[in-house]
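The values are calculated or read from the model by the stated rules, or taken from the named source; none is laboratory data. Nothing here was measured: the structure is a model prediction, and the numbers come from that model. Using ideal geometry, Cβ is built from the backbone for each residue, glycine included, and neighbour counts are taken over all protein chains shown.
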């Protein structure tokens, strides 16, 4: 009950911050899906959910987040948050369970906000999840159209006035790597495959050792 209410209240307000949204036709009808995006602002997860959920039959999109307050059970239920636990394996296990039960999940491999033109070193969580569950990946590129905040007041103003463009790319899978031994080299190749597509949508460059 709480999720539909939050969606109806927050959704229209959050949509005001989205300047443009393209690629909704690329969201596949089948579930589950792993959405993978670059990260340009603290509210990215909420903004992507506001943009996509109305076109996903209202299904909740779970987002991995490291904000400690969001590990509180009510926030998890209300906003679809998967906490980034100190024990990362717990986060992977919880996310894998959700994907295997048909829930769409959103992952930010950068692990934090990055407003630079280069997407550099990224985490391997998205790659591991996609290899383990064989769920298709839908890449998302975010582009800021308002300056990033630099002060405490700026962060508050960002909540109301920050603007961005959202581009959703065509889905793909990692079938070329299915059944292979998951080691550092393979994960590096998979990250290159995933993040190069995200970078194009975000009008950025993916630099492996950036």
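In region 126-181, what count of residues is obtained for those that are modelled with pLDDT under 95, assigned to a strand (DSSP E or B) and over 15 Å from the mean Cα position of the chain (by Cα)?
1
Just need a number here: residues in region 89-125 that are closer than 17 Å to residue 45 by Cβ and assigned to a loop (DSSP other than H, G, I, E, B).
Here is the first cut: in region 89-125, the residues closer than 17 Å to residue 45 by Cβ are 91, 94-95, 98-99, 103-115, 122-123, 125.
With assigned to a loop (DSSP other than H, G, I, E, B) added as a condition, the list becomes 103-104, 108-115, 122-123.
Of the residues in that region, 12 qualify.
Write out, first by first residue and then by second, each pair whose Cβ atoms fall under 9 Å of each other, whose residues are 6+ apart or on separate chains, and whose first residue, in region 137-160, is at negative phi and free of Cβ contacts under 8 Å to residues at least 40 places away in the same chain while the second is crowded, with 16+ Cβ neighbours inside 10 Å and part of a strand (DSSP E or B).
Pairs that qualify, where the first residue is at negative phi and free of Cβ contacts under 8 Å to residues at least 40 places away in the same chain and the partner is crowded, with 16+ Cβ neighbours inside 10 Å and part of a strand (DSSP E or B), are 146/164.
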